[in-house]
1. Starting at the first residue of region 152-167, write each ³J(HN,Hα) from the Karplus equation 6.51 cos²θ - 1.76 cosθ + 1.60 with θ = phi - 60°, in whole Hz, x for Gly and Pro.
2. Roughly how many whole Å is it from the C-alpha centroid of region 49-109 to that of region 219-235?
3. Using modelled amide H (1.01 Å from N, peptide plane; none on Pro or chain starts), what sits under 5 Å from the amide H of ALA188, excluding residues fewer than 5 places away?
4. For ARG208 and ASP95 in the same chain, what is the full-extension length gain: residue separation times 0.36 nm, less their Cα-Cα distance, in nm?
5. Based on other C-beta atoms within 10 Å, arrange TYR186, TYR94 from fewest to most.
6. If you stretched the chain out fully between ALA231 and VAL37, how much longer would it get, using 0.36 nm times the residue separation minus the C-alpha to C-alpha distance?
7. Whole-Hz ³J(HN,Hα) for each residue in region 124-136, computed from phi via Karplus 6.51 cos²θ - 1.76 cosθ + 1.60 with θ = phi - 60°, x for glycine and proline: what do you get?
8. Could you give each residue of region 111-117 its phi-based ³J(HN,Hα) in whole Hz, using Karplus coefficients 6.51, -1.76, 1.60 with θ = phi - 60°, and x for Gly or Pro?
Amino acid sequence: MPRLDARHVFQVTNVLDGLLAAGAATHALAAVPALGVVAATQAALTATCLCPRCPFLGPVITRVATTKPEVALTFDDGPDAALTPRILALLAQYDARASFFCIGRRARQTPQLIRVAAGAGHSIENHSWDHSPRFALFGSRRLAREIDDTQALLTDLSGRPPTCFRAPAGFRNPWLAPLLAERALYCAAWSHRAFDTLDPATARIERRLSRGLTPGAVILLHDGRNARDSAGRPVLETVLPRLLQGLQTRGLRAVDLPTLLAGHDRTRRPQDTAGRAATPVPRAFR
Ligand SMILES: [Zn+2]
């Protein structure tokens with residue numbers, strides 16, 4: 001059966017737009033409900049772009065089917081001169097590894113932090129150059145520049161090319177997946193999101209993270225910026241040690257995302273949180 005591709009849907013929608021626009025010129029009254037259909041279609045496509053874990057816009061890793069007792073820790077939006085070293089120290093204390101999804105522009109400002117994190121055995125991954133709120137509106141050329149400039153800098157600093165990309169806020173568009181496939185980059189989302197940039201209540205964050213925490217989970221945290229608790233401290237200073245302790249209690253090892261993917265049960269495909277099979281992993285990882 002032919003696969004439904006998001007770009008085809010966009011093309012079909014454009015044709016529909018054109019047909020309906022032509023119809024509107026001659027049958028204005030008849031077109032009124034049809035224009036409602038177009039509006040609804042466009043709204044649905046927009047909603048898809050804003051759905052970070054939806055596989056409709058291409059393969060996206062939200063959870064990994066693994067045979068090992070591992071979960072991936074991922075930190076976004078750094079490096080940050082104040083918070084990243086603190087997080088690295090906590091990870092070292094618990095002998096945990098993580099993936100740092102770095103913003104290219106910030107990595108250029110604090111290159112030493114990338115070297116230190118990579119030297120400590122963490123993986124450095126690509127989180128775009130500018131982390132623009134308009135990322136999902138960019139065309140193919142600008143998206144490629146966001147990916148490639150960051151990829152080049154992080155490879156240079158860490159000594160290893162990133163193997164995963166995460167879109168800013170997880171917002172994608174139909175042009176992103178082909179670019180990532182050409183570069184053998186995984187598109188990474190998450191199964192557990194802390195909302196640690198927004199929520200000052202550490203107990204609530206911990207509850208959010210512990211719910212359904214099983215092997216293969218991908219946890220999204222932030223070292224680039226953090227909400228402050230009632231004592232004015234970044235929430236992760238409280239949440240991260242408890243999370244790492246909790247993982248040890250459950251017999252789960254905190255690893256970086258490439259390590260979690262390496263433990264992928266090859267008889268199954270990476271699974272999204274709803275248990276549906278995502279599309280196959282890039283050739284480079286088979
Ligand atoms: Zn981000």
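Read-outs throughout are calculated quantities, based only on the coordinates presented, and are distinct from any laboratory measurement. Bear in mind the structure is a predicted one, so any value in this text is a computation, not a measurement. No Cβ is skipped: glycine too gets one built from the backbone with ideal geometry, and neighbour counts run over all protein chains shown.
1. Result, ordered by residue: 5, 5, 5, 5, 4, 6, 9, x, 8, x, x, 10, 10, 10, 10, 6 Hz.
2. Result: 15 Å between the Cα centres.
3. Counting only residues 5 or more places away or on other chains, the set is ILE61, PHE165, ARG166, ALA167.
4. Net length gain for the segment: 38.4 nm.
5. Ranked by crowding around the Cβ, least crowded first: TYR94, TYR186.
6. Extra length from ALA231 to VAL37 when fully extended: 64.7 nm.
7. 9, 10, 9, 10, 6, 7, 10, 6, 6, x, 9, 3, 6
8. Values, residue by residue: x, 4, 5, 5, 4, 5, 5 Hz.
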